[in-house]
C-alpha cells in the first residue's frame, strides 16, 4: 500500500461517479453516482492523513463529517425525488422538460 | 456598552430553534411570522452594537469574528429579514394561481438556518468549518425550492437543483481533499504557509481547479450556470430572491476568504482565471437575459451577469476587493429585493411575465417609479446605488491594471442596460391587454408590502446619493483583515 495506489483508487472512483452522474437517466442512479464521488473524497482524506499529513487527525474527522453531511443531503434529495415522482410519475431525468431555456 | 461578541450568532441560532418550538406548541402561524421578523430585527440591532475592529477566534481557533465577517453578518441577517417579509404574501394569498403555501414556521426556520450557515462560512478559519457552513447554507435551499408541493414546476426545479448541487458539492470536496493533502493541515494559516512555500505544486493547482468548479456552481459562473434559470423559474418568488442574494453572497464570501486567505500567495497567478470566468459569466448572463419573457427567469439571467460583475472585483488587491464587494452586495440586495417585491405583487393571480407589468406606471405611478429605480440600480445608472457599487467594483479591478478587461466590462454593462430597459418598457410604455391593466389597477398592497417597498426604494436612492456609505465600509475594513 502506498499513497499512489490510494490516490489512484480515489480518482478512479471519482471519475466513475462523475461519468455516472452525467450519463445515467434514472435519478436514483445519479444519486448513487454522487455518493461514489463523495466517498472518493473520503478515501483521499484518509489516505493523505495516513501517509502524508503533519496534522493526521483532522483528515479522518473530516471524512466522518462528510459521511454525516452526505446522509443529510441524500435524505433531502430522496424526499424531493419522492415529491417529484408524485407529480410527474417517472424517474427519468430526460422527461423533466417543463422548464427549459 | 460591551456585549458578548458571539451573542448575535447564538441569538440567531436560538431564534431558529424557538420558531420550531413555537410550532410544536401549536402557536398560530401568523404569530410565528411576527416572532421571526421581530427576532431578526433584534439580532440586527445587537449586531450593530458590536464595534468594528475585532479579529478574534473561539472554539480552538475555528470560529472567527473579523470586520469582513461582521459586515457580512449584517448583510445575511438583513437578507433573511427582507425574505421573511416578502414571503408573507405567499402564505396569505399564494401566487401565479396556486393557493397559499403551508408550513410557514418550518419555512421561516429553514431560512434562518440557511442564514446561520452563511454566517458559519464567513466565520471559518479552517476547511472543515467552511465546508459544514457551506452545506448548511445549501441543503435547506433544496427543499425550500420544492416548498409548494402542488406546483409541478417547483418539484422539477428542486430535483434539478439537488442533483446538480450535490455533484458540485462532491467536486468541491474532492478539491478540498487535495488541498489537505498538499498542505497537510486543514487550517487556513498552515495552508497559506504551504502555498507560499511551493506555489507551483501541481497538487495545489488541481485542488484550486476543483474548488473553483464546485463554488462556480453556487455562484452561477459561466460553465456551471445552466441550472439557475430553471431553478429560479420553478421556485416561489421569495426563495428566488433569497437564492439570488444570500446564496450568491455566501459563494462570493467563500471565494474572498479563499483567494485573500490561504491562496493569497497565488492571487496574482489566479487573476487570469478570474478574469476569464468573470468576462464569460457576464456576457452569457446578459445575452441570456435578452430574450426572456418571464420575470423570474429574466432575474436569473440578470443575477448570472451580476455574479460576473462581482467577480471582476476579485482581480484587484484584497482591501479594495473586500470593501467594494461588501458595498455592492448591499446595493444589489436592496435593488434585487425591490424588483422581486413588485414582481410578487403583480403575480398574485396572474403569470409572472413582462406582460403582467403593463400599465403599472399609469395605474400605480409610485410602484412604476419604484420598479424604475430598482432596475436602474441593477443596470448601474448614475444617481442610484448600483452605479456607486459598480464604480467601486470596477475600481478594484482597475487598481490591478486590467484596463482591457474593464473596457469589455463596460461594453457588457451597456448590453445589460438594454436588457433592464426591456422590463422597464413593459412597465412604462407598452399598452398590452386591457385585462392586465385592469388587474394592475386593482392591485392591493398590504401594509408589509407597502412599507417594505418604500423602505427599499429609499435605501436604493440613499445609498446612491450618499456615496460616503461606501467609504464607511472601506474604513471599517481598514482596521484589519
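Against the main long axis of the alpha-carbon atoms of chain B, helix B:152-183 sits at an angle near 10°.
Taking every residue in B:145-158, how many Cβ atoms of other protein chains lie within 10 Å of its Cβ, on average? Walk me through the numbers on the way to the answer.
On the way: counts 1, 6, 0, 0, 4, 1, 1, 7, 4, 5, 11, 8, 5, 7.
Other-chain Cβ atoms within 10 Å of each residue's Cβ, averaged: 4.
Overall, the anisotropy analysis places chain B in the prolate class: the square-rooted eigenvalues a ≥ b ≥ c of its C-alpha gyration tensor yield a/c not less than 1.5, with a/b exceeding b/c. FRET efficiency for the pair residue B:273 and residue A:8, taken as 1/(1 + (r/R0)^6) with r the Cβ-Cβ distance and R0 = 30 Å, rounds to 0.65. Taking only C-alpha pairs under 8 Å that are 6+ residues apart, what is the relative contact order of segment B:255-370 in percent? The value is 22 percent. Given R0 = 41 Å, the distance between the Cβ atoms of residue B:471 and residue A:1 translates into a calculated FRET efficiency of 0.10.
Which shape class applies to segment B:23-69: rounded if a/c is under 1.5, otherwise prolate when a/b exceeds b/c and oblate if not, where a ≥ b ≥ c are the square roots of the Cα gyration tensor eigenvalues? Intermediate results must be reported in sequence, preceding the final value.
Values: a/c = 5.25, a/b = 2.15, b/c = 2.44.
Oblate shape, in that a/c is at least 1.5 and b/c is the bigger or equal ratio.
When Cβ neighbours within 10 Å are restricted to other protein chains, what is their mean count per residue of peptide A:25-31?
2
Between residue A:16 and residue A:94, the modelled label-to-label distance comes to 2.4 nm, taking each label 7 Å out from Cα in the direction of the beta carbon. To the nearest ten degrees, helix B:7-24 and the longest principal axis of the Cα atoms of chain B are 50 degrees apart. Taking every C-alpha pair closer than 8 Å and separated by at least 6 residues, the mean separation divided by the residue count of chain B gives a relative contact order of 15 percent. Would segment A:3-93 count as rounded, prolate or oblate if I go by the C-alpha gyration tensor, calling it rounded below 1.5 in a/c and otherwise prolate when a/b exceeds b/c, oblate otherwise? Here segment A:3-93 falls in the oblate category. Relative to the current alpha-carbon distance between residue B:48 and residue B:293, full extension at 0.36 nm per residue lengthens the span by 84.1 nm.
Between residue B:17 and residue B:366, full extension at 0.36 nm per residue minus the direct alpha carbon distance yields a gain of 121.7 nm. Descending by average beta-carbon neighbour count within 10 Å, the peptides A:67-79, B:292-304 line up as B:292-304, A:67-79, the highest first.
Each residue, residue B:431 and residue B:458, gets one label point 7 Å from its Cα in the Cβ direction; the gap between the two is 3.7 nm. Here the contact order of chain A, divided by its residue count and restricted to Cα pairs under 8 Å and six or more residues apart, works out to 27 percent. Label-to-label distance, residue B:55 versus residue A:24, with points set 7 angstrom from Cα along the beta-carbon direction: 4.6 nm. Extension gain, residue B:5 to residue B:189: 0.36 nm times the residue separation minus the Cα-Cα distance gives 64.0 nm.
Could you work out how far helix A:27-51 tilts from the main Cα principal axis of chain A, as a 0 to 90 degree angle to the nearest 10? Result, in degrees: 10.
Once you reduce segment B:200-267 and segment A:75-101 to the center of their Cα atoms, the two points are 25 Å from each other. Over chain A, dividing the summed -39,500 (n - 2.57) contributions of all DSSP H runs of at least 4 residues by the number of residues returns a 222 nm mean residue ellipticity of -27000 deg cm²/dmol. Over chain B, DSSP H runs of length four or greater, each weighted -39,500 (n - 2.57), average out per residue to a 222 nm ellipticity of -24500 deg cm²/dmol. D by Stokes-Einstein for the protein assembly as shown, Kirkwood Rh over Cα pairs, 25 °C, 0.890 mPa s: 102 µm²/s. Peptide A:64-72 has a mean shielding of 4, counted as Cβ atoms of other protein chains within 10 Å of each residue's Cβ.
Since every read-out is calculated from the coordinates, none of them should be taken as a lab result. Note that the structure is a prediction, hence the values are computed from the model and not measured. FYI the Cβ positions are ideal-geometry reconstructions off the backbone, even for glycines, and counts take in every protein chain you see.
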